[in-house]
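The values are calculated or read from the model by the stated rules, or taken from the named source; none is laboratory data. As the structure is a prediction and not an experimental result, all values here were calculated from the model. FYI the Cβ positions are ideal-geometry reconstructions off the backbone, even for glycines, and counts take in every protein chain you see. Note: accessible area is taken over every heavy atom of the protein model, side chains too, but ligands, DNA and RNA are not part of it. Shrake-Rupley method; radii C 1.70, N 1.55, O 1.52, S 1.80 Å.
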Amino acid sequence: MTLEVIILAAGQGSRMRSTLPKVLHPVAGKSMLSHVIDLAAAVASDKTHVVIGHGADQVKSSIPNSTVQWALQSEQKGTGHAVAQALPAVSDDAQVLILYGDVPLTTPETIQKLVSTSADKANTEQVTLLTVELDDPNGYGRIIRNNSDQVTAIVEQKDASAAQLSISEVNTGIMCVSASALKRWLPKLSDNNAQGEYYLTDIIAMAVSDGVAIHVCQATEPMEVQGANNRIQLEELERFYQRRYADKLMLAGASLADASRIDVRGSLTTGNDVYIDINCVFEGEVTLGDGVRIGPNCHISDSKIASNAEIKANSVLEGAVVGADCSVGPFARLRPGTILAAEVKIGNFVETKKANIGIGSKVSHLSYIGDAEIGRDVNVGAGTITCNYDGVNKYKTTLADEVFVGSNTALVAPVSVGKAATIGAGSVITGNIADGELAVARSKQRNISGWQRPKKLARD
C-alpha cells in the first residue's frame with residue numbers, strides 16, 4: 001500500500017483579520033502548515049500534496065526546497081472541492097490521508113494509529129475517520145451512527161437537526177480514504193446545502209450506499225485536532241503546545257520555575273538537573289548539558305551550553321557555544337560565532353561576536369569583543385572594545401594567554417598582543433605588543449595648579 005497525503009491549505013482565514021494566509025500563522029515559532037507537512041513526513045507518506053488558494057504564492061515561498069506537490073484551488077468551494085484539485089496527481093491504488101493546514105498539533109502516534117487501521121484493510125476500499133468526543137461540540141460536524149453503532153453519515157452543524165446537535169462525537173476532518181473510492185465519489189458531490197459548498201463529509205453517505213466499510217479511530221486529546229480560525233484559538237494552541245513541551249522537559253530531568261512561563265520555538269534538549277527560571281525563550285536548536293542553570297528572562301537560540309554553566313538573568317545568546325562551568329551575564333549578549341571554552345566568565349553588559357575565548361578568561365563588565373581570538377586566563381577590563389570595523393572591512397584582534405587588559409582600552413584591529421603582556425588602562429592600542437611587554441597608549445597627565453573653576457554669572 002502506498003500512502004499519499006493531501007493537506008488542505010487554501011482558506012483565507014478572514015477571522016484572523018490578517019494579510020497573512022491563515023496556515024502561515026505560527027505556533028511555537030513555526031507556521032501551522034509547516035507543522036502539518038512535518039507530520040506527513042513523520043508518518044512516512046510517499047507523496048504529500050498541498051492544496052493552496054488564498055495567498056498561494058506566499059504559501060509556496062514559505063516552504064522552500066520542499067518535495068511537496070502543489071495543487072491550486074482558485075475558488076474556495078468547500079473541502080470536497082479542495083480535495084478534488086489534488087486528486088488527479090494521486091495514484092489510483094493509494095490510500096489518501098487528508099489533513100488540514102490549520103490543525104498543527106496532531107501527533108504522529110495518533111495519525112499512525114489511523115493509518116494502521118487503514119493498512120489492515122489495504123486490499124479493499126474503505127474509509128477511516130478520526131473522531132473526537134467534545135464536551136462542547138458546537139461548530140463541528142456530528143457523527144451519525146445506526147442502531148448497530150456503525151457510522152452512516154456526518155452532518156454539518158448548519159444542516160443538523162436538534163437531535164443531531166446533541167451528539168458529542170464529532171468529525172475532526174482527518175480521514176484516510178482509498179483513492180479509487182475518492183475518484184468515484186467526489187464528482188458526485190452536490191452543493192445543495194446551507195453553505196452552498198461541496199462537503200467532503202458527504203462521501204460517508206456514499207460509502208454506506210456502496211457498502212464500503214467505515215472505520216473509526218478516536219483522538220484522546222481534543223487539542224490535538226483543534227484548528228485555529230481566529231487569534232484566540234491560535235493562542236490556545238500555542239499554550240497547549242508549550243505546556244506539553246514543558247512536561248516533556250520535566251520528565252527528562254529539567255526543573256522549571258513555572259511551566260507556564262517557558263516558550264520553546266524549535267528543539268530544546270536538556271541533560272539531568274537543568275534548572276530554567278521564568279520567562280525564558282528558546283529558539284532553533286538549543287542543547288543544555290547536565291546541571292546548567294538558566295536565569296529569568298533569557299532568550300537563547302541555536303546554542304550549545306555545556307555542563308554546569310550558568311546563564312544569568314536577562315541574557316541573550318544567538319549561535320553561541322558555551323563551555324563547561326562558564327558564567328554568562330546578567331545582561332550579556334553572545335552573538336553568532338561566540339565560542340567560550342571552560343570556566344570563562346562573561347559579565348554584565350558584555351557583547352561578543354565571532355569571539356573564541358580560552359579557558360578561564362574573563363570579560364567581566366561593559367565590553368564589546370568582536371572578531372577576536374583570546375587565549376586562556378586573559379583578563380579584559382571594564383569598558384574594553386575591539387575596534388574591528390573600519391567602515392568597510394572587519395579585522396581580527398588576537399590576545400595570547402595570560403594577557404591583562406586595563407579598563408577603558410580600545411584595541412584597534414588588526415592587532416596582536418603577546419603572552420602575558422599588560423595594557424594600561426585608558427589605552428588606544430594600534431600596534432602589536434610582544435610577549436611580556438607593558439603597553440601604555442594615552443596622553444600624559446597634566447595637573448594645573450591655581451586653576452579657577454568657572455562660576456555662574458549673576459542674573460540681572
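Odds and ends about this structure:
- Checking each residue in the stretch 385-418 for being open to solvent by less than 40 Å² (accessible area, probe 1.4 Å), under 17 Å from N356 (Cα atoms) and of a type in the set (G, A, S) picks out A400, A413, G418.
- Residues that are farther than 11 Å from D102 by Cβ and touching a Gly at 6+ places or on another chain (Cβ under 9 Å), drawn from the stretch 13-33: T19, L20, A28, G29, K30
- Every residue from the stretch 264-281 that is part of a strand (DSSP E or B) and surrounded by 19 or more Cβ atoms within 10 Å (Cβ to Cβ): V264, R265, L268, T270, V274, I276, C280
- Selection over the stretch 432-460 of residues that are surrounded by 10 or more Cβ atoms within 10 Å (Cβ to Cβ) and in a loop (DSSP other than H, G, I, E, B) gives a count of 8.
- Residue ID - farthest from R265 (Cα to Cα), chosen from residues in the stretch 1-16 that are open to solvent by 10 Å² or more (accessible area, probe 1.4 Å) and either without any contact (Cβ under 8 Å) to a residue 40 or more places away in the chain or among the β-branched types (V, I, T) (or both): T2
- Residues within the stretch 52-71 that are surrounded by 13 or more Cβ atoms within 10 Å (Cβ to Cβ) and under 14 Å from A89 (Cβ atoms), tallied: 5
- Only listed residue being assigned to a helix (DSSP H, G or I) and among the hydroxyl-bearing types (S, T, Y), chosen from T220, T201, T172: T201
- Scanning the stretch 6-65 for residues that are in contact with an Asp or Glu (Cβ under 6 Å, 6 or more places away or on another chain), part of a strand (DSSP E or B) and of a type in the set (K, R) yields a total of 1.
- For the stretch 287-365, the strands (runs of 3 or more DSSP E) that sit wholly inside it and include 2 or more residues that are basic (K, R) and either open to solvent by 10 Å² or more (accessible area, probe 1.4 Å) or free of Cβ contacts under 8 Å to residues at least 24 places away in the same chain (or both) are 351-357.
- Residue in the stretch 257-265 that is of a type in the set (D, E), over 21 Å from L340 (Cα atoms) and modelled with pLDDT of 95 or more present: yes
- Selection of first residues in the stretch 142-165 that are farther than 22 Å from L189 by Cα and of second residues that are part of a helix (DSSP H, G or I), restricted to Cβ pairs under 8 Å at least 6 apart or on distinct chains, gives the following pairs, ordered by first then second residue: L165/Q157.
- Residue within the stretch 115-138 that is among the β-branched types (V, I, T), open to solvent by 30 Å² or more (accessible area, probe 1.4 Å), without any contact (Cβ under 8 Å) to a residue 40 or more places away in the chain and not in a helix (DSSP H, G or I) present: no
- Pair list, Cβ under 9 Å, 6 or more apart: the stretch 72-83 residue open to solvent by 80 Å² or more (accessible area, probe 1.4 Å), other residue assigned to a loop (DSSP other than H, G, I, E, B) and charged (D, E, K, R): Q76/E197
- Any chance Y368 is free of Cβ contacts under 8 Å to residues at least 24 places away in the same chain and farther than 20 Å from G426 by Cβ: no
- The residues of the stretch 17-47 that are among the β-branched types (V, I, T) and open to solvent by less than 20 Å² (accessible area, probe 1.4 Å), listed by number, are V23, V27, V36, V43.
- Residue check, Q164 open to solvent by less than 60 Å² (accessible area, probe 1.4 Å), in a helix (DSSP H, G or I), under 24 Å from Q76 (Cβ atoms) and of a type in the set (S, T, N, Q): no
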